[in-house]
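Scroll down for the structure; my scribbles are underneath it.
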Amino acid sequence: MDGNIITSILFATVVAGTPLIIVALGELVVEKSGVLNLGAEGMMSVGAIAAFAVTLHSGNLWLGVGAGMLAGVAMALLFAFVALTLLGNQVATGLALSILGVGLAAFIGKPYESEVLQAVPPIRIPFLADIPVIGEALWNQQSLVYFSWILFWAVLWFLFRSRAGLVLRAVGESPSSAHAIGYPVIRIRYLATLFGGAMAGLGGAFLSVFYTPLWVEGMVAGRGWIAVALVVFATWRPLRVLLGAYLFGGVMVSQLFIQGSGLDINMPSQFLSSLPYWATIIVLVMISRNRNLVRLNAPVSLGQPFKPES
Amino acid sequence: MKTRIQRFITAGLLATLAGFSGAAAAAEPASIGFIYVSPIGDAGWTYQHDQGRQEMEKNLAGKVKTHYVENVAEGADAERVIREMAERGDKAIFATSFGYMNYMLKVSKKYPKTAFLHATGYKMGKNMGIYNARFYQGRYVAGVIAGEMSKSNKLGYVAAFPIPEVLQGINAFIKGARSVNPEATLSVIWVNSWYDPGKEREAALTLISQGADVVTHHTDSTAVVQAAEEKGVYAIGYHSDMSKYGPNAHLTAVTHHWGDYYTKVVEQVLAGTWKPESFWGGYKEGMIRLAPLNPVIPEALQKRVAQMEADLKAGTLKPFAGPVVTQDGKTLVKAGEVMSDHDLEKMNYYLEGVTSKLPKK
């Protein structure tokens, strides 16, 4: 295996992992506040079509990305209203949001199926991109790839180093105590949910504008569900989300490379296709097998509705 | 919604009336139903079938009225939709995806007066025929173009599922390529999905990074052509003309056309002469065609392609004429013989020139 192949595998891994990281980190913040929003797939779909349509009409990439985020926020708002204000069942509401989002995106996207966008050129970071093997893979990427790394550090800092993050986690652990000492539980949960929506919309925008610059129904193809699953299997820890997303992307891309290289693998291709899921789940379960730590990281009130008394 | 329901009711009433007064029935256009597995969209499998439906309706203007249901999952839903169509009195029903097979067969037994037609399947019934196209004929010509246009002699193929229809395409493609360029080799990547633009794109990029400079696909999205355009290599599309997704990359596309066939079948059904058959059409029947060739293809090659297409039409060129040699060097068909349709339908191996190994079942 020469350096070029390693570089292209790495490059493709990073690209494939990026939408998962953005959406999963958003979902992580949501879940840390005690809200379980399973609607990521739907929010991504709507974000993808909104970003695509606005980019196409305005010709401005960033307007499109903004629209994708806004669309995600709008969907999340719908979820928040039903689940947080009306105290609907979060699991059911999230599922409904997924189904609604996928269908709504297909409906809105009907006239856009034949349109194409210009591919967005990557941004090359001088010097860093000249590092052999990994330089081209890591530092000659789309802007949103760099953003996903910034987002990672920001989420990490916010959750574990900032006061606001501490409050958010407290709300997720014990909403009634947080409420008792005067924190606006519902408002904090609303904000977290909307942030998650924005990130899901952004992940969708990455797919339809940067990754494959086209819109077709069902293009999210289950990535929203993978992101939701990643958060749980990563036991609500940002570093593991990052690791899991790249592992998933890496295994998926490597199996394509193995197939293309003509190695005699002697395995059904269906098995190879399921390999990323296996690998991610097994690795994340292995590193998260300490039950006490899992219990420590899981938000205690996850998925439970909260109604402030008085 | 309301209008649709009203239309249904009206159609139902009309059908009943027509049934009572036999004379009026002739004047009433016959209703023909189509079931599609995906949204029609702007390119791809379902789009081509819908084009066929529209062509047929135009050819038989006044005599038929078509309607369709798109995005029907290959499951219990399909049975419900087929049953509804039969119940509302459709004279002929076309189901355009493999997975509808068993559901259609089941419903067909209950409605013996209706003509049922299923694309790409293998089960027939007393009133259920099957039809398919010889996609591999177009693949063979595409392979010749790829073999000539490639500089690296490495070709790439993004494929969905290892079933005979897809393997016929892969093998015809490499056989065509090696007929003009004995150095040509082909790598195949299975994405295990008819439709996942992200994965199709990754597979195409993988092939390109491994040196392929002409890529093609047997999947449903335009992602492979777009990836080739971005990387400055050539691509050959499938289903529909995909040139607008990669104006420089797109050499041509293997396209399939169903209008003539649909017209013929519906005419027979209306005349009462229809009999279920297994129909496997190709160039000769106008079912397979290449999309307009990219002007970068040299004139001499363009002429040869035109000649090959004429020969396929005339039936003198057979893509799977011997010698047919597998990847492991086994000769399946000797020179001078042609592989039978029966063997084609059972294809489960790669021919020589394919460097990938076929994943085991």
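Any chance you could count how many residues in the range B:27-69 are under 17 Å from B:TYR261 (Cα atoms), more than 14 Å from chain A (Cβ to nearest Cβ), of a type outside the set (Lys, Arg) and not in a strand (DSSP E or B)? Matching residues across the range B:27-69 total 10.
When we screen A:TRP225, A:TRP236, A:TRP153, A:TRP215 for residues that are of a type in the set (Phe, Trp, Tyr) and without any contact (Cβ under 8 Å) to a residue 40 or more places away in the chain, the only hit is A:TRP153.
Of the residues making up the range A:132-147, those that are open to solvent by less than 60 Å² (accessible area, probe 1.4 Å) and closer than 15 Å to A:LEU242 by Cα number 4. When only residues in the range A:1-44 that are touching a residue at least 12 places away in the same chain (Cβ under 8 Å), open to solvent by 10 Å² or more (accessible area, probe 1.4 Å) and of a type in the set (S, T, N, Q) count, which is nearest to A:ALA200 (Cα to Cα)? Among those that are touching a residue at least 12 places away in the same chain (Cβ under 8 Å), open to solvent by 10 Å² or more (accessible area, probe 1.4 Å) and of a type in the set (S, T, N, Q), it is A:THR13. Checking the range A:174-194 against the condition returns no match, with no residue being closer than 27 Å to A:ALA53 by Cβ, within 14 Å of another protein chain (Cβ to nearest Cβ) and in contact (Cβ under 8 Å) with a residue 24 or more places away in the chain. Exactly one residue out of A:ILE9, A:ILE22, A:ILE49, A:ILE5 is within 14 Å of chain B (Cβ to nearest Cβ), part of a helix (DSSP H, G or I) and modelled with pLDDT of 95 or more: that is A:ILE49. Looking across the range A:246-269, the residues that are surrounded by fewer than 20 Cβ atoms within 10 Å (Cβ to Cβ) and either at the interface with chain B (Cβ under 7 Å from one of its Cβ atoms) or more than 29 Å from the chain's Cα centre (by Cα) (or both) come down to A:SER261, A:GLY262, A:LEU263, A:ASP264, A:ILE265, A:ASN266, A:MET267, A:PRO268.
Here is a yes/no grid of residues against (1) in a helix (DSSP H, G or I); (2) in contact with a Gly (Cβ under 7 Å, 6 or more places away or on another chain); (3) within 15 Å of B:GLU202 (Cβ to Cβ):
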{"residue": "A:GLY201", "(1), (2), (3)": "yes, yes, no"}
{"residue": "A:ALA205", "(1), (2), (3)": "yes, yes, no"}
{"residue": "A:PHE248", "(1), (2), (3)": "yes, yes, yes"}
{"residue": "A:ILE258", "(1), (2), (3)": "yes, no, yes"}
{"residue": "A:PRO276", "(1), (2), (3)": "yes, no, yes"}
{"residue": "A:THR280", "(1), (2), (3)": "yes, yes, no"}
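Yes/no matrix, rows are residues, columns are (1) open to solvent by less than 10 Å² (accessible area, probe 1.4 Å); (2) closer than 21 Å to A:ILE258 by Cα; (3) outside any strand (DSSP E or B); (4) more than 7 Å from every other protein chain (Cβ to nearest Cβ):
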{"residue": "B:ILE189", "(1), (2), (3), (4)": "yes, yes, no, no"}
{"residue": "B:TRP194", "(1), (2), (3), (4)": "no, yes, yes, yes"}
{"residue": "B:ARG201", "(1), (2), (3), (4)": "no, yes, yes, no"}
{"residue": "B:LEU205", "(1), (2), (3), (4)": "no, yes, yes, no"}
{"residue": "B:ILE208", "(1), (2), (3), (4)": "no, yes, yes, yes"}
{"residue": "B:GLY211", "(1), (2), (3), (4)": "no, yes, yes, yes"}
{"residue": "B:THR216", "(1), (2), (3), (4)": "yes, yes, no, yes"}
{"residue": "B:ALA228", "(1), (2), (3), (4)": "yes, yes, yes, yes"}
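Scanning the range A:270-310 for residues that are touching a strand residue (DSSP E or B) at 6+ places or on another chain (Cβ under 9 Å) and open to solvent by 70 Å² or more (accessible area, probe 1.4 Å) returns a single hit, A:GLN270. Quick one: B:ARG178 ticks every box in (1) under 27 Å from B:LEU344 (Cα atoms); (2) open to solvent by less than 20 Å² (accessible area, probe 1.4 Å) except a single one, so which number is it? Of everything listed in (1) under 27 Å from B:LEU344 (Cα atoms); (2) open to solvent by less than 20 Å² (accessible area, probe 1.4 Å), B:ARG178 misses just condition (2).
Let's see how each residue does on (1) at pLDDT below 85; (2) surrounded by 14 or more Cβ atoms within 10 Å (Cβ to Cβ):
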| position | (1), (2) |
| --- | --- |
| B:LEU14 | yes, yes |
| B:PHE20 | yes, no |
| B:GLY41 | yes, yes |
| B:GLN48 | no, yes |
| B:LYS58 | no, no |
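When you go through A:VAL82, A:VAL65, A:VAL91, A:VAL54 one by one, which is the residue that is of a type in the set (A, V, I, L, M, F, W, C), assigned to a helix (DSSP H, G or I) and exposed (fewer than 14 other Cβ atoms within 10 Å of the Cβ)? Don't jump to the end; show me each part of the working.
On the way: A:VAL82 fails: exposed (fewer than 14 other Cβ atoms within 10 Å of the Cβ); A:VAL65 fails: exposed (fewer than 14 other Cβ atoms within 10 Å of the Cβ); A:VAL54 fails: exposed (fewer than 14 other Cβ atoms within 10 Å of the Cβ).
Unique residue meeting the criteria: A:VAL91.
Within 14 Å of chain B (Cβ to nearest Cβ), part of a helix (DSSP H, G or I) and open to solvent by less than 40 Å² (accessible area, probe 1.4 Å): which single residue out of A:VAL171, A:VAL209, A:VAL167, A:VAL220 fits that description? Steps first, answer last, please.
Working: A:VAL171 fails: within 14 Å of chain B (Cβ to nearest Cβ); A:VAL167 fails: within 14 Å of chain B (Cβ to nearest Cβ); A:VAL220 fails: part of a helix (DSSP H, G or I).
Exactly one of A:VAL171, A:VAL209, A:VAL167, A:VAL220 is within 14 Å of chain B (Cβ to nearest Cβ), part of a helix (DSSP H, G or I) and open to solvent by less than 40 Å² (accessible area, probe 1.4 Å), namely A:VAL209.
Failed condition for B:THR252, given (1) over 30 Å from B:ALA61 (Cβ atoms); (2) open to solvent by 20 Å² or more (accessible area, probe 1.4 Å); (3) modelled with pLDDT of 95 or more, with all others met? B:THR252 satisfies all of (1) over 30 Å from B:ALA61 (Cβ atoms); (2) open to solvent by 20 Å² or more (accessible area, probe 1.4 Å); (3) modelled with pLDDT of 95 or more except (2).
Put simply, of A:ILE150, A:ILE123, A:ILE99, A:ILE108 the only residue that is open to solvent by 70 Å² or more (accessible area, probe 1.4 Å), under 15 Å from A:GLY204 (Cα atoms) and out of contact with any His (no Cβ under 8 Å at 6 or more places or on another chain) is A:ILE108. In the set (1) within 17 Å of B:ALA203 (Cα to Cα); (2) assigned to a helix (DSSP H, G or I); (3) aliphatic (A, V, I, L, M); (4) without any contact (Cβ under 8 Å) to a residue 12 or more places away in the chain, A:LEU296 fails one condition alone, (1).
Of the strands (runs of 3 or more DSSP E) that lie entirely inside the range B:275-361, those containing 3 or more residues that are farther than 26 Å from B:MET101 by Cβ and assigned by TED's automatic domain parsing to the domain that holds B:SER150 span B:331-333.
Per-residue answers, yes or no, for (1) within 17 Å of B:TYR136 (Cβ to Cβ); (2) among the β-branched types (Val, Ile, Thr):
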position: B:TRP280; (1), (2): yes, no
position: B:GLY286; (1), (2): yes, no
position: B:LEU293; (1), (2): no, no
position: B:VAL296; (1), (2): no, yes
position: B:GLN302; (1), (2): no, no
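Is it the case that some residue within the range B:97-109 is touching a Ser or Thr at 6+ places or on another chain (Cβ under 7 Å) and either modelled with pLDDT of 95 or more or loosely packed, with under 15 Cβ neighbours inside 10 Å (or both)? No, every residue in the range B:97-109 fails to be touching a Ser or Thr at 6+ places or on another chain (Cβ under 7 Å) and either modelled with pLDDT of 95 or more or loosely packed, with under 15 Cβ neighbours inside 10 Å (or both). Only residues that are open to solvent by 10 Å² or more (accessible area, probe 1.4 Å) and part of a strand (DSSP E or B) were counted across the range B:137-163, and they come to 1.
Scanning the range B:230-249 for residues that are part of a loop (DSSP other than H, G, I, E, B) and open to solvent by less than 10 Å² (accessible area, probe 1.4 Å) yields B:SER240, B:MET242, B:GLY246, B:ALA249.
The values are calculated or read from the model by the stated rules, or taken from the named source; none is laboratory data. Because the structure is a prediction, the values reported are computed rather than measured. Note that we place each Cβ from the backbone using ideal geometry, even for glycine, and neighbour counts take in every protein chain shown. Note: accessible area is taken over every heavy atom of the protein model, side chains too, but ligands, DNA and RNA are not part of it. Shrake-Rupley method; radii C 1.70, N 1.55, O 1.52, S 1.80 Å.
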